[in-house]
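Engineer: Sharing a structure with you now.
The values are calculated or read from the model by the stated rules, or taken from the named source; none is laboratory data. These figures come from a predicted structure and were not determined experimentally. In this analysis, Cβ positions are derived from the backbone assuming ideal geometry, glycine residues included, and neighbour counts consider all displayed protein chains.
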Amino acid sequence: MSKTAETRLPDPQVPESGPDPKRWKALVFIALAQLMVVLDATIVNIALPSAQQDLGISDGNRQWVITAYALAFGGLLLFGGRIADLWGRKRTFVVGLLGFAAASAIGGAATSEAMLLGSRALQGAFGALLAPAALSLLAVTFGDPKERAKAFGIFGAIAGGGGAVGLILGGFLTEYLDWRWTFFVNIPFAIVAAVGAYFVIREPAGGRNRNPLDIPGVILSTLGLVALVYGFTRAESEGWSDPTTIGMFVASAVLLATFVAVEARVKSPLLPLRVLMERNRGGVYLSLGLAIIGMFGLFLFLTYYLQVVKGYSPVQTGFAFLPMIVGMVTGSTQIGARLMTRVPPRLLMGPGFLVGATGMLLLTQLSLDTSYPGLILPALVLLGLGMGTAFMPAMSLATHGIEPRDAGVASAMVNTSQQVGGAIGTALLNTVAASATTAYVAANAAGASDAKLLELQAMVHGYASAIWWAVGILVVASGIAFTFINTGRPGSTQVAKGEGAEASAEDAPVPVVMH
């Protein structure tokens, strides 16, 4: 394309026959599927103690209920994104939903540890098909910048707040029904979304990537990502100096470096390096991954604080996160979506992450007698508003300027950055908290008259120390958003210019969404 092109070409991801008349109905089913996947990241956590007791799972193996899902989901995301490009997004989306429903039915009916762990791995595998397909389907369904902003605002609110909804729903189901319903609840979600998607979603022709599948790339990326996620998961439980932990990190580095070398040479790569090299996409992947680290720190430590220190029940804990959900929905749909077509994305993402960091900063003041209305409530509202405002434009940039044939794998990269960010956040911040707790006990044990009180004080000190790290990480995410992301607002003629190059229609932003 000519560098001097003056007119903006039609978005290649939007059907030229005009907008899909059923696009808003399609959003309902895409969002429903997204909610199911995000819910599953937290809903099972609350049910885990009950499931462990019923099925006789040992303390050493209980983490695999979480880890089996994370490994399959994180390891297969790039493969799932490529399958969506190859098979078609709608077909992949429906298959992913039905497979997820079947895996959930197996998990709910589990009669043994092996059956439950197998179902969680299957959920992760079908989730890896479903998540990139949902993201890229939304990308090709909404073309008008204002409509796209509104749709991504709704989708972003679900992506950001769904985890907290999972805590509420998981608490209700576990406390008033049975832990098995945390699995069975996925089935109606999946069936309704699959049937609706089959009849409502229209995928434009010409967007598939029919090149042969890059088998070496699939093997190397899957093994490399599995090793990376497992390394961080193991670091959380066994420590950073554990030989297996170190071995996983080394293996992951070798496998992923080999993967990059292979992708640079093969004719039809699983992950074309052009997807990673564009600075706006790179900035989104990196800043979102860091933001998820901070968010996981909040969910992890505030959940423990409320239940162990303050004595909240699982249902009360879930409701305690409700202000953050409201803040996310407001930030995403009322701030991000309204301003996305008026200001450049970096002016939403950078300040959004800073507002989230401010909310997190308040939580560093946690103590044994901290008031929920006086400190935790405003902190959660600020965090929700900031992250909702930042996530919305970040989602729209996830496939910035991407070719339709690469939409699935670009979407998968967003999911991958979040999955890896979650694994890093859990392991890193847990280690910081544990070290600070141990140091506090050692420094104060001599003068302590109440061992239980000292234990609680040390625990809260550890949480606050870890949250300080989360504050710093969110500030870094803000800096990356301000520095890397230089595109103009969607639909404007102001586009990013490369060094020494003129801006062209080819450079114009093509926003999409994130998981």
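Engineer: Go through V460, V441 for me and flag whichever is crowded, with 20+ Cβ neighbours inside 10 Å and more than 30 Å from V284 (Cβ to Cβ).
Structural biologist: V460
Engineer: Residues of segment 106-159 being crowded, with 24+ Cβ neighbours inside 10 Å and among the charged types (D, E, K, R), which ones?
Structural biologist: Selection gives R120, R148.
Engineer: Please go through segment 453-490 and give me each residue that is in a helix (DSSP H, G or I) and either among the acidic types (D, E) or modelled with pLDDT under 85 (or both), ordered by number.
Structural biologist: E455
Engineer: If you don't mind, there's one more thing I want to ask. Looking at segment 221-239, can you tell me whether even one residue there is farther than 30 Å from L48 by Cα, of a type in the set (A, V, I, L, M) and either modelled with pLDDT of 85 or more or touching a Phe, Trp or Tyr at 6+ places or on another chain (Cβ under 7 Å) (or both)?
Structural biologist: no
Engineer: Additional query: Looking at Q13, Q34, can you tell me which residue is buried (at least 18 other Cβ atoms within 10 Å of the Cβ) and either assigned by TED's automatic domain parsing to the domain that holds R120 or at pLDDT 80 or above (or both)?
Structural biologist: Q34
Engineer: Inspect segment 295-306 for any residue being more than 29 Å from L454 (Cβ to Cβ) and either surrounded by 18 or more Cβ atoms within 10 Å (Cβ to Cβ) or at pLDDT 85 or above (or both) and give the result as yes or no.
Structural biologist: Checked against the condition, which is being more than 29 Å from L454 (Cβ to Cβ) and either surrounded by 18 or more Cβ atoms within 10 Å (Cβ to Cβ) or at pLDDT 85 or above (or both), segment 295-306 yields at least one hit.
Engineer: Go through segment 259-291 and give me each residue that's buried (at least 17 other Cβ atoms within 10 Å of the Cβ), of a type in the set (A, V, I, L, M, F, W, C) and modelled with pLDDT under 85.
Structural biologist: Correct list: L270, L271, V275.
Engineer: Scan the helices (runs of 4 or more DSSP H) fully inside segment 70-183 and keep the ones with 1 or more residues being at pLDDT 90 or above, assigned by TED's automatic domain parsing to the domain that holds P393 and on the phi < 0 side of the Ramachandran plot.
Structural biologist: 89-108, 113-141
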